[in-house]
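> I am attaching a structure below and will ask some questions about it afterwards.
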Amino acid sequence: MFRLSLQSKLTQFTVLLLVFAALCQIIGPSEDGSGNYLWRLPPLLKEIPFLINDLVRGLMFEWMPIDVYDPTIEEYEQKPLFREITRAVSSAFLFIIGAVRELILGGSKTIVAFTSWDFLRDNPWADWPALPWTVVAGWAMVLGYRLQGWWMAILAGLASLYISIFGQWAPSMKTLSFILIAAPVSVFIGLVFGILAYKNKVIEALLNPLLNVAQTMPHYSYLVPIIVLFGVGDHAAALVTILFATPSMVRLVLLGLKNVPTDVVDAGKMSGCSEFQMLFKVLIPTAKRDVLIGVNQVVMQCLSMTVIAAFIGAQGLGSNLLIALNSLRIGTGLEIGICIVLIAVVFDKMSLAWAHKQTDYFADLSFVERHKPLLICGVILVTGVLLAMAGSLLFEEGFNYFYIVPHNKGITTAPFWQAGVDWVWDTFFYMLKTFNEWLITSVLVPMRDSYLAMPVIATFVLVMGIAYILAGVRSALIVCGFLLFIALSEYWDRALITMYMATFAVIVSGVIGVTLGSLCAQNEYASKAVLLLCDFLQTFPSFIYLIPVIMLFGITDTSVLIASLAYAIVPATRFTVEGLRSVPPVLHDAGAMCGVSRLQRLVSIDFPVAFPHIMLGVNQTVNFALMMVIIGAFIGTIDLGQLILKAISEPQGTGIGITLGICVAFIALAADQIIRTWANNRKKMLGLD
Amino acid sequence: MSDGGLQSQGSPVIRCESVYKIFGKNAGSLLNGSNGFINQAEAAAASCIVGVNNASFEVQAGELLIIMGLSGSGKSTLLRCITRLSDATAGKILIEGEDILTMNPKELLEVRRSKMGMVFQNFGLLPHKTVLENIAFPLQVKGGTTKESVERARDMTQLVGLQGRENYFPRELSGGQQQRVGIARSLAVEPDIWFLDEPFSALDPLIRREMQDEFLRLQAALKKTILFVTHDFDEALRLADRIAIMKEGVIEQLDTPANIVLNPATEYVRKFTEEVPREKVLKIESVMDALDASEDLSDLTVSRDAIIETVAEAILNQSKPVGVTDDSGTLVGSLHASHVVKVLFGQHTGEQ
């Protein structure tokens, strides 16, 4: 039975490939450059960006004018409602971010906002000084200790120390302040929508495709509409971060609520819970773990946006990194990158520790015992302040290292790294250059040309055929819908270039990742080690991957591809290890009693059973590769990403940015549709999950 | 005697009149098109699944009614309809005279908070709450102060023998212990009606036995009105005042354990009873003969409510017939050893 169906699948694929090849041969670009719709579809949807633009403009400048009192001209003025709302949101965000920032770094704007400049002049004590870095570091350690113990405290302490002595304190705290705003807001919105979707099937059905697109849209395409609606600055950066981070929270809240056992729901009902009690006393606490993993995701997404948000005016580490990379100061970039990674790792570990922490309701503690951490924090504050005061006497040249290590006075290893880069370039210049040239001329360019030489009809036949054979008619039609949107927009050729880069990255990282994963899965310790490494690498914000490759390969397509590779290998490896390790031991026993060798076991037992899970890894690999290819536009590619990046600085950019973002999302969703449907069917067939 | 002798007392606590639960879009038309029982083939043709098919019965105060059936027989569906965890498609369900199907959410909440307690197959414990908090939960939901609820919950932990484990989380307990928490929680508000949905099915056989004994002990002390769902016929025979046997949504027979074993109403019920050791189910009264004044009885007497197994050896050791007494000690019948042997080892007794 199996053999037969395999054969028929093989035949199906052979026929498909033959048809595809034939179509490629027969159809060519028409001479006069018009009319041949089998070669390229007409850009029927090219109006879409303009429609979106008009819509946004209408919303911003014309829709629902209301009378607003203008204090400067002391008159009522007609202003569109929507713009007033966005303005209000902007200034609210700006204010809160400023307040948090001043709390950590010192400042007086917030106090002035509640009083006046005169008040400040009369009461000089109200001019809030920055918290000494020792205090923040100490607090981080106390928090770490509370959440997980000494290891976490040491990690938090070391991270703060690193950030401070490398002179990145101020920008790090700026980044932190905006994460401290964006993350809670995302979590709140995520909770609200997650609960709504759980309560109401219609909302869930509406939200689902939106979430799909939102989770596959490249980071860049969120930037443009935000600029138009909210302007440029820290508030816009916070908003774009929220927009980007919320979808995964919604997903996880919904998942968590759905996974609450029916018995628990029934028990709640039979105990006579009202709707409110049901939600807050039964459902959400029971789903606590998923919800908190959602919080963790939000924090990670926020950090991964720090660099990209700098494009629209986020201050802090991100913008410093961008400047460093733009001026090719790789050493500085590397240091800043490490700061971001450190913050990410600390946040990741802390929020996960929080997720797994269980409250002890019954510990009978005295007041001092119960409030010990707070008291210690107080002690740290006093000590830190005293230390800072002592420091002001100790360091005479004007920089108080116990207060804040200024940007240019920290230790820097930048020259060392710079020298390293120079050394690499000097020593391996010819090797790298040859490799680079070889890759570009004999692999990438031919691959790109062949992608571009595909008639549109052939592409459709190929992709839909694969979808049909692997996942059925429904998937084929869905995939067709996705592709049709791209083909009818103006961006088909650009999309092909994106696809070629993504395909290259997926194939190479898939091969490397699956091989690596299979090798590591053979040994328990190796598996654990590689999974830990994957965890660690996944906390890196995607942009960070660009730093070392620019170091080695300069500003070329190769750099982008290698960054994508490095980024996308992680899920492929992880899922392979997980899949292979989760093959039921009884199958191994059964195999052993049939007398299989190690290799036979791997080939005929482990792989077939683990394959669906591995394919889910490949699915993520596709996503990761695409994301990275688009981010790579920063160092210069000529695909969709470049256009999106360009759209940021264009007045008509909103529509173009969104349309392009949707195109990228659709590529990802098409791949997702095929792979996921296939993997699920396969899992069902194997009786897994 | 045939209905457990409980029908005569006052108005029933639970009364179901032609209750239907039909899954599927065409439920309405299917229901209108039929009177009485819905034909399974018709239901399948209308792409509906009939969960409960025309169920009518009553449960009296203090009675323990067990709904028995294999998986998919609709027993849990029936229970969920009566508690209104799911809405019945048609019919009337009266709880102490009030129709639960027409109650508004507020009334329903009130009934659940004060009159009902329920135990679930997979325990349904709140994972984030300790034993004590789980038990106190219905009281707190109801609006009780923390102090009161915790005190009451403490008493309940004693009742189910979990003292010393008040601060444990459910995941730290064994299955049997978790279900004890479930039982304590369901009894915390002192409900009149106690629903148990396969409470012991998820437990190991030895623990199950222990929990059944515990349950009988509790019921002897509390005298609740109980609706108990199980797929275990032995369990049903052991615990029940009356048993309702369900198949494909239909109640095939509703009777006392003894009558079900002795007079199975349908072929399906008979199959269940075939393997049942009669001496473990039947009471003396079902094998006694009418009193014959001329007969010379042994000095030994047995109660008519005694289970045969418990007194069989003593009876068989007597050379003369044994007298049977009722609760007040008056002789009501006699017992012949030959008759007992026939019941125990013969295929069919044919008489009572």
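The values are calculated or read from the model by the stated rules, or taken from the named source; none is laboratory data. Treat the numbers as computed from the prediction; the structure is a model and nothing was measured. We place every Cβ from the backbone using ideal geometry, glycine too, and count neighbours over all the protein chains shown.
> Being within 25 Å of residue B:66 (Cα to Cα) and in a loop (DSSP other than H, G, I, E, B) narrows it down to one of B:190, B:166, B:214, so name that one. Before you say what the answer is, go through the steps one by one.
Working: B:166 fails: within 25 Å of residue B:66 (Cα to Cα); B:214 fails: in a loop (DSSP other than H, G, I, E, B).
On inspection, the qualifying residue turns out to be B:190.
> Spot the failing condition for residue B:184; the list is (1) more than 19 Å from the chain's Cα centre (by Cα); (2) crowded, with 19+ Cβ neighbours inside 10 Å, and only one is missed.
(1)
> Determine, yes or no, whether residue A:637 is more than 19 Å from residue A:226 (Cα to Cα), more than 20 Å from the chain's Cα centre (by Cα) and polar (S, T, N, Q).
On the way: more than 19 Å from residue A:226 (Cα to Cα): yes; more than 20 Å from the chain's Cα centre (by Cα): yes; polar (S, T, N, Q): yes.
Considered against the rule, which asks whether it is more than 19 Å from residue A:226 (Cα to Cα), more than 20 Å from the chain's Cα centre (by Cα) and polar (S, T, N, Q), residue A:637 comes out as yes.
> Starting from residues that are closer than 20 Å to residue A:387 by Cβ and small (Gly, Ala, Ser), keep the ones in the range A:130-159 and report whichever is farthest from the chain's Cα centre (by Cα).
Per the criteria, the residue is A:130.
> Give the residues of the range B:134-147 that are more than 7 Å from every other protein chain (Cβ to nearest Cβ) and modelled with pLDDT of 85 or more, sorted by residue number. Quick ask: steps written out before the conclusion?
In the first step, residues of the range B:134-147 are kept if they are more than 7 Å from every other protein chain (Cβ to nearest Cβ); the result is B:134-136, B:139-140, B:143-147.
Across the range B:134-147, the qualifying residues are B:134, B:135, B:136, B:139, B:140.
Yes or no, residue by residue, for (1) under 30 Å from residue B:212 (Cα atoms); (2) loosely packed, with under 14 Cβ neighbours inside 10 Å; (3) at pLDDT below 90:
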residue	(1), (2), (3)
B:3	yes, no, yes
B:29	no, yes, yes
B:43	no, no, yes
B:48	no, no, yes
B:57	yes, no, no
B:93	yes, no, no
B:97	no, yes, yes
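> Return yes when residue B:75 is more than 10 Å from chain A (Cβ to nearest Cβ), buried (at least 22 other Cβ atoms within 10 Å of the Cβ) and either more than 23 Å from residue B:181 (Cα to Cα) or in contact with a Pro (Cβ under 9 Å, 6 or more places away or on another chain) (or both) and no when it is not. Please lay out each step first, then the result.
Values: more than 10 Å from chain A (Cβ to nearest Cβ): yes; buried (at least 22 other Cβ atoms within 10 Å of the Cβ): yes; either more than 23 Å from residue B:181 (Cα to Cα) or in contact with a Pro (Cβ under 9 Å, 6 or more places away or on another chain) (or both): yes.
Yes, satisfied.
> Going residue by residue through the range A:191-199, is there one that turns out to be of a type in the set (Phe, Trp, Tyr), in a helix (DSSP H, G or I) and crowded, with 24+ Cβ neighbours inside 10 Å?
There is no residue in the range A:191-199 that is of a type in the set (Phe, Trp, Tyr), in a helix (DSSP H, G or I) and crowded, with 24+ Cβ neighbours inside 10 Å.
> Kindly list the number of the only condition in (1) polar (S, T, N, Q); (2) crowded, with 19+ Cβ neighbours inside 10 Å; (3) within 9 Å of chain A (Cβ to nearest Cβ) that fails for residue B:167.
(2)
> Just to verify a result, which residue in the range B:264-310, among those that are closer than 26 Å to residue B:251 by Cα and hydroxyl-bearing (Ser, Thr, Tyr), is surrounded by the fewest Cβ atoms within 10 Å (Cβ to Cβ)?
Within the range B:264-310, the first condition is being closer than 26 Å to residue B:251 by Cα, and the residues that meet it are B:264-283, B:286.
Narrowing further to those that are hydroxyl-bearing (Ser, Thr, Tyr): B:266, B:268, B:273, B:286.
Values: B:266: 12, B:268: 17, B:273: 19, B:286: 20.
Among residues in the range B:264-310 that are closer than 26 Å to residue B:251 by Cα and hydroxyl-bearing (Ser, Thr, Tyr), the one surrounded by the fewest Cβ atoms within 10 Å (Cβ to Cβ) is B:266.
> So residue A:524 passes all but one of these: (1) under 23 Å from the mean Cα position of the chain (by Cα); (2) among the acidic types (Asp, Glu); (3) at pLDDT below 90. Which condition number does it fail?
(1)
> Exactly one condition in (1) part of a helix (DSSP H, G or I); (2) out of contact with any Ser or Thr (no Cβ under 6 Å at 6 or more places or on another chain) is not met by residue B:253; state its number.
The one condition residue B:253 does not meet is (1).
> Is at least one residue of the range A:488-502 of a type outside the set (Asp, Glu), touching a residue at least 60 places away in the same chain (Cβ under 8 Å) and surrounded by fewer than 18 Cβ atoms within 10 Å (Cβ to Cβ)? Outline the logic, then answer.
Let us first name the residues in the range A:488-502 that are of a type outside the set (Asp, Glu), namely A:488-489, A:491-492, A:494-502.
If we keep only those that are touching a residue at least 60 places away in the same chain (Cβ under 8 Å) as well, we get A:488-489, A:491-492, A:494-495, A:497-499, A:501-502.
Checking which are surrounded by fewer than 18 Cβ atoms within 10 Å (Cβ to Cβ) leaves us with A:488.
Yes, some residue in the range A:488-502 is of a type outside the set (Asp, Glu), touching a residue at least 60 places away in the same chain (Cβ under 8 Å) and surrounded by fewer than 18 Cβ atoms within 10 Å (Cβ to Cβ).
> Hey, does the range A:128-142 have a residue that's modelled with pLDDT under 70 and either farther than 19 Å from residue A:350 by Cβ or assigned to a loop (DSSP other than H, G, I, E, B) (or both)?
Of all residues in the range A:128-142, those modelled with pLDDT under 70 come to A:128.
Remaining after also requiring either farther than 19 Å from residue A:350 by Cβ or assigned to a loop (DSSP other than H, G, I, E, B) (or both): A:128.
Looking for residues that are modelled with pLDDT under 70 and either farther than 19 Å from residue A:350 by Cβ or assigned to a loop (DSSP other than H, G, I, E, B) (or both), one finds at least one in the range A:128-142, hence yes.
> Can you pull out the residues in the range A:256-282 that are aliphatic (A, V, I, L, M) and surrounded by fewer than 23 Cβ atoms within 10 Å (Cβ to Cβ)?
To start, the set of residues in the range A:256-282 that are aliphatic (A, V, I, L, M) comprises A:257, A:260, A:264-265, A:267, A:270, A:278-279, A:282.
The answer is A:257, A:260, A:264, A:265, A:278, A:279.
> Same structure again: Somewhere in the range B:162-172, is a residue under 26 Å from residue B:235 (Cβ atoms) and either modelled with pLDDT of 90 or more or within 26 Å of the chain's Cα centre (by Cα) (or both)?
So far as the range B:162-172 goes, yes, one or more of its residues are under 26 Å from residue B:235 (Cβ atoms) and either modelled with pLDDT of 90 or more or within 26 Å of the chain's Cα centre (by Cα) (or both).
> Taking the condition of being at pLDDT 90 or above, of a type in the set (S, T, N, Q) and out of contact with any Ser or Thr (no Cβ under 7 Å at 6 or more places or on another chain), how many residues in the range A:483-512 meet it?
So the count comes out to 1.
> If I ask for residues that are in contact with a Phe, Trp or Tyr (Cβ under 6 Å, 6 or more places away or on another chain) and touching a residue at least 24 places away in the same chain (Cβ under 8 Å), which ones from the range A:255-291 would you list?
A:257
> Are any residues in the range A:313-323 surrounded by fewer than 23 Cβ atoms within 10 Å (Cβ to Cβ) and farther than 13 Å from residue A:634 by Cβ, and if so, which ones?
Filtering the range A:313-323 down to residues surrounded by fewer than 23 Cβ atoms within 10 Å (Cβ to Cβ) leaves A:313, A:315, A:319, A:322-323.
Matches in the range A:313-323: A:313, A:315, A:319.
> Still on this structure: Please verify whether the range B:151-163 includes one or more residues that are polar (S, T, N, Q) and either at positive phi or within 12 Å of another protein chain (Cβ to nearest Cβ) (or both).
Initial filter on the range B:151-163 (polar (S, T, N, Q)): B:157-158, B:163.
Remaining after also requiring either at positive phi or within 12 Å of another protein chain (Cβ to nearest Cβ) (or both): none.
Within the range B:151-163, not a single residue is polar (S, T, N, Q) and either at positive phi or within 12 Å of another protein chain (Cβ to nearest Cβ) (or both).
> Sticking with this structure for a sec: Just name the residue that is nearest to the chain's Cα centre (by Cα) out of those in the range B:82-133 that are within 7 Å of chain A (Cβ to nearest Cβ) and at positive phi.
The selected residue is B:123.
> Which numbered condition in (1) in contact with a helix residue (DSSP H, G or I) (Cβ under 6 Å, 6 or more places away or on another chain); (2) in contact (Cβ under 8 Å) with a residue 12 or more places away in the chain; (3) part of a loop (DSSP other than H, G, I, E, B) is the only one that residue B:295 fails?
Every listed condition holds for residue B:295 apart from (1).
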